[in-house]
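Visitor: Let me begin by handing over the structure; questions about it come next.
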Amino acid sequence: MPIHRPHETLGAAHPGGRVSQGLVVIPTDGASAAQRARYEAYVAQRLPRTATPQGPGRMMFAPDLVGPSDWIAEQLEAHAGYQEVDEVAFALPFTFEPDDYVQILTDIATRLGPALGWQPTP
């Protein structure tokens with residue numbers, strides 16, 4: 001679910017284009033203790049990739065965020081990159097179970113999205 005945001009600096013440098021950011025966020029509001037532990041282990045395993053540029057494009061990745069929706073929203077609002085984009089797409093991990101995706105998407109739609117100003121289209 002893309003969340004559209006106003007931008008100024010990067011948008012001015014790319015008139016007519018969109019400035020996007022893709023992030024892995026895993027809200028835990030509705031997660032069980034076992035899910036939270038699995039999510040935290042997943043994020044910890046991926047953290048080293050954020051320390052140095054990756055691939056031929058020397059791309060830098062933001063750390064994945066796992067925790068309550070209010071905390072994730074605070075982290076995003078304080079992040080310089082997030083402040084500059086007009087759209088963010090939340091990516092889902094590839095290796096989780098169907099129940100995990102239901103929980104994550106439900107938390108994004110009902111808690112994290114609204115905390116970031118997103119509203120569903122009627």
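Visitor: Grab the Cα-Cα distance for R36 and Q119, subtract it from 0.36 nm times how many residues apart they are, and report the gain in nm with one decimal.
Guide: Length gained, R36 through Q119: 27.3 nm.
Visitor: Dividing the convex hull volume of the alpha carbon atoms of segment 18-69 by its residue count, what do you get in Å³ per residue?
Guide: In segment 18-69, the Cα hull volume divided by residue count equals 84 Å³.
Visitor: Something else now. Using the Kirkwood formula over every pair of different C-alpha atoms, what hydrodynamic radius in Å results for segment 29-122?
Guide: One decimal place: 14.7 Å for the Kirkwood radius.
Visitor: Given H placed on each backbone N at 1.01 Å, which residues far from V66 in sequence or on other chains put an amide H within less than 5 Å of it?
Guide: When sequence neighbours closer than 5 places are left aside, the close amide H contacts are I26.
Visitor: For a quick check: with amide H placed at 1.01 Å from N, whose amide H comes under 5 Å from E87's, ignoring anything fewer than 5 positions away on the same chain?
Guide: Amide H to amide H, under 5 Å and 5 or more residues apart or across chains, E87 pairs with R5, V19, Q21.
Visitor: Using a 1.4 angstrom probe on the protein heavy atoms only, could you order Y39, Y101 from most to least accessible area?
Guide: Y101, Y39
Visitor: A51 versus D70, label points 7 Å from Cα toward the beta carbon: distance in nm?
Guide: The two pseudo-label positions are separated by 3.3 nm.
Visitor: Just grab the label-to-label distance for E97 and M59, each label 7 Å out from Cα along the Cβ direction, in nm (one decimal).
Guide: Each label point lies 7 Å from its Cα, and together they span 3.0 nm.
The values are calculated or read from the model by the stated rules, or taken from the named source; none is laboratory data. Not measured: the values here are computed from a predicted model. Ideal geometry is used to build each Cβ from the backbone, glycine not excepted, and the neighbour counts take in all protein chains shown. The area values use the complete protein model at the heavy-atom level, side chains included, leaving out ligands, DNA and RNA. Shrake-Rupley method; radii C 1.70, N 1.55, O 1.52, S 1.80 Å.
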